[in-house]
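Here is the structure we will look at, set down as structure tokens.
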């Protein structure tokens, strides 16, 4: 039996290798990829917080972008590193850490935290986002549009999101309705750091 790494509900087989392109068949992931590409434009550096198995920064790295993926499940980070090594991707760095525990001595063009803030205690959300703003010129966030079926610690309503982010430069909120009734809508927020 394969050794498993486990944090909350995430279990990773020791020899797991991500398949970034397979994420394009997943409705949410394909929207996340498109949203990221639209916000990257001519930008060259990207930070993904809560990167899971690194699929998004790995895909951007294969297109020439300098990428970092931060994830607190070390098994997922190791699998992303194995994928990068097998494909000889030199411009991807996977970091196993809690976002609050790491520092950089440079700034990224774009930083994202897709479906991550729902897992952060509400009182820590402003600190989480302020740290993102310290390290990036453009911020990308996403939220589940309906929290009633989930175990997140707080529910992001439109009103709360506007209160937190509406004064940001180039603020945009975009809601993508689900394709089928069992899916939740997906809410994107993007803005520039002044």
**Asked** Mean separation of Cα pairs under 8 Å and 6+ residues apart, divided by the residue count of the chain: what relative contact order is that in percent?
**Response** 17 percent
**Prompt:** Using a Gaussian network for the chain with springs between C-alpha atoms less than 10 Å apart, which of these wobbles most: 161, 141, 47?
**Reply:** 161
**Fill in**
Connecting every pair of Cα atoms under 10 Å apart in the chain and solving the GNM, the largest mean-square fluctuation among 32, 95, 17 falls on 17
**Prompt:** If you work out Cα extents along the principal axes in Å from the coordinates, which of (1) 46, 37, 32; (2) 119, 105, 28; (3) 47, 41, 34 do you get?
**Reply:** (1)
**Prompt:** Of the residues 81, 28, 179, which exhibits the maximal mean-square fluctuation in a Gaussian network model of the chain defined by a 10 Å Cα contact cut-off?
**Reply:** 179
**Message:** To check you understand DSSP bridge types, tell me what percent of the beta bridges within the chain (both residues inside) are antiparallel, rounded to 5.
**Reply:** 45 percent
**Prompt:** How far is the Cα center of segment 13-76 from the Cα center of segment 85-120, in Å?
**Reply:** 10 Å
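Taking 0.36 nm per intervening residue step and subtracting the Cα-Cα distance, what contour gain separates residue 170 from residue 21 on full extension? Before the final figure, lay out the partial values.
On the way: separation 149, 0.36 × 149 = 53.64 nm, distance 3.02 nm.
My answer for the length gained is 50.6 nm.
Where a number appears in this text, it was derived from the coordinates with a stated rule and is not lab data. This is a predicted model, so every value here is computed, not measured.
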